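Down below is the structure, laid out as structure tokens.
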Amino acid sequence: MPRMERVRRLCCGPAGSATAALELCEERVDGREEPDGAGHRPPVFHSIKLFVLCHGMLQCAQLLYSAYFKSSITTIEKQFGMSSFSSGILSSMHEVGNSVLIIFVSYFGSRVHRPKLIGLGGLLLSAGTFLLTLPHYIFEPYQYSKTIVAILFAISVFGPAFGYLLGSVMLRLFVDLDRVNPATIDMKPSDPRWIGAWWLGLLISSGVLAVISIPYFFFPRQMIHQKKSISKSDILSEMEEQKMEKITNQEFIKIFPKMLLKMLLNPLFILVVLAECCFSSVLAGLSTYLNKFLESQFSITTSTANLLIGSITLPAVAIGMLLGGVYMKHSNLPLVKIPWYTGCVLIISVVLTVPLFFLGCSTQKIAGINYNQDVNRSSSFGLKTDCNAHCFCFDSTYHPVCGSDAVEYISPCQAGCSHSVFNYTTRRILTYNNCSCIQTPLKEDYAVPGHCKVSCSYLLLSVVFSLSFIGLTASLTHNPLYMLVLRLVRHEEKSFAIGIQFLLMKVFAWLPAPALFGAVIDSACIRWGIMCNGKRGACSYYDNDLLRNRYLGLQVGYNILGVLVLLITGWKVRKIGGQQNTGPV
């Protein structure tokens, strides 16, 4: 007799008492569960291992898309003239639909065919990802400025890593590679005007999501268990699940507000979730703008920044999650000690962040913005001066060049250059000559295309490895906090609690944090680009010291707030004497 049938008879028949049910827990089933039909093996899609594999791949693909989109944010900013605040709102919009539906999905999920629902969600996400590519086809081709001839959680982390690596590859391709011959492009990825093929990675992500979602439609509603013995928790879980299935949808809807209110009035649950919101806000700021931060601080390309994040930083976070899970498994850490443990670890991560405030490059000299190239005017800055008055330059032109005087000019025109040296083999300009605004002791008056090299580029890898180690340290708290949430609610409320947890994290962290970090980054802008129609475009230059202090300062502020909430949680748990299930996790 199949196990589910035995459980059903015990639960629903005359012998359906708790004692009779628990007696079944002692039964041994000859080393394995009986199949539903004698001599027949279960179908392929009845394997829980296959389901876990598919779900891991789906999560990986979902986070690949999300991370890829974030890795392309700065590129989208430049092409469409957006501020960091606007791109932060765009990034936050990903969470709106999820936030609206997550609480209902977690509550009603047990009453539907969950694998099919997951598969449908994956296909919808695939369709949404495809729609994000439409601006590339709707808008006119990109016109750049020219001058004359110019384990589950740990496994999931590898999704963002692949996303940033995919971004590194795709952003090396020109945005309009499907419209123009790449050989005719007189730019390379290191050119500040370069726009990568951000839309191409979204098409790849959409296809991967669609393919991975299909197997979910073949999984059964319930899996066939294949255990050597039936545990007490298995029996109680199935009894509780059958009890919930007997409740009608109308009754289910009636008790929904009560369960929601009960969850929101659980002070320990809310405190832990608020602490997670603080740390999720830091993660949102890092995942959305870390590449932009590295680009600005060390004058590297978006592709290089994404490569470093995907190959070093995110794998370190995955290792931290794995180590945190291993520690929880082998330490048998009591519930009352988890807040103190996580608080101490996060204090260490804050201390490790402090040196980063001093590891960065100051803003380079930029003529007319923070440096006056006209010796006759020492108190004011302006793009138009006596040395380039004969050039009639446009303020909207953005084609940075680095002069032989180590000063950066936003265009050869602003540097007063009248000639150029063109390489017909590579179809690129090598130098601009006879630049009237460039003066050196050796009478050199030329400029080369691109940004001036920063003086502290040797610090790049040190900063990346420091950020990676800080991420590894902070991620040691991920699994302990997740387990803490599960231990604060009853068994039948766990699924619903997880839904509430992620809802609050999205509303209070993933929705507002990107926009807030974007506003902070915008506040450090010292030169806004001007589009051809006269409207303000994306930021061209930042005050690097100000950007570094504000960007890292906001992260430290969130972390300190989260630590304070955890300390309050630990004090409250200890005060009530650990009455809410303080045994080992």
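The values are calculated or read from the model by the stated rules, or taken from the named source; none is laboratory data. Nothing here was measured: the structure is a model prediction, and the numbers come from that model. Positions of Cβ are backbone-derived with ideal geometry, glycine not excepted, and every protein chain shown enters the neighbour counts. These accessible areas exclude ligands, DNA and RNA; they are computed on the full protein's heavy atoms, side chains included. Shrake-Rupley method; radii C 1.70, N 1.55, O 1.52, S 1.80 Å.
Quick notes on this structure:
- Residue 427/residue 390 FRET efficiency (R0 41 Å; Cβ-Cβ; nearest 0.05): 0.90
- As a calculated quantity, the FRET efficiency between residue 264 and residue 348 at R0 = 30 Å, using C-beta atoms, amounts to about 0.40.
- Estimated at 0.36 nm per residue, the fully extended path between residue 490 and residue 545 surpasses their Cα-Cα distance by 14.9 nm.
- Computed 3J(HN,Hα) for the range 353-368, one whole-Hz value per residue from the Karplus formula 6.51 cos²θ - 1.76 cosθ + 1.60 where θ = phi - 60°, is 6, 3, x, 5, 5, 10, 10, x, 9, 6, 5, 5, 6, 10, 4, x, glycine and proline marked x.
- The range 429-497, relative contact order in percent, only Cα pairs under 8 angstrom and at least six apart counted: 18
- For residue 541, the amide hydrogen comes within under 5 Å of the amide hydrogens of 526, 527, counting only partners 5 or more places away or on other chains and with H modelled in the peptide plane.
- When each of the peptides 44-56, 204-216 is scored by the mean number of other C-beta atoms lying within 10 Å of its residues, the order from highest to lowest reads 204-216, 44-56.
- The 3J(HN,Hα) values that the Karplus relation (6.51, -1.76, 1.60; θ = phi - 60°) gives for the range 325-338 are, in residue order, x, 5, 4, 5, 6, 9, 8, 6, 5, x, 4, 5, 9, 4 Hz. Gly and Pro appear as x.
- Pairwise centroid distance, computed over Cα atoms, of the range 250-309 with the range 477-532, Å: 2
- Global form of the range 426-489, assessed from the alpha-carbon gyration tensor, a/c cut-off 1.5: prolate
- Mean Cβ neighbour count within 10 Å, used as a protection proxy, ranking 460-470, 298-308 highest first: 298-308, 460-470
- Spin-label model, residue 406/residue 255: points 7 Å from Cα along the beta carbon direction are separated by 7.4 nm.
- From phi via Karplus (6.51, -1.76, 1.60), per-residue ³J(HN,Hα) for the range 45-51 in Hz, x at Gly/Pro: 7, 9, 8, 5, 5, 5, 5
- Close amide H pairs (under 5 Å, H built 1.01 Å from N) link residue 431 with 421, residues at least 5 positions away or on another chain.
- Spatial offset of the range 389-435 relative to the range 325-367 amounts to 45 Å, using the alpha carbon center of each.
- Once backbone amide H atoms are built at 1.01 Å from N, residue 366 has 371, 408 as its partners under 5 Å, excluding neighbours fewer than 5 places away on the same chain.
- Counted charge near residue 309, where neighbours are those whose Cβ lies closer than 15 Å (Asp, Glu -1; Lys, Arg +1): +1
- Solvent exposure of the range 430-585 amounts to 47 Å² per residue of accessible area, where only protein heavy atoms count and the probe is 1.4 Å.
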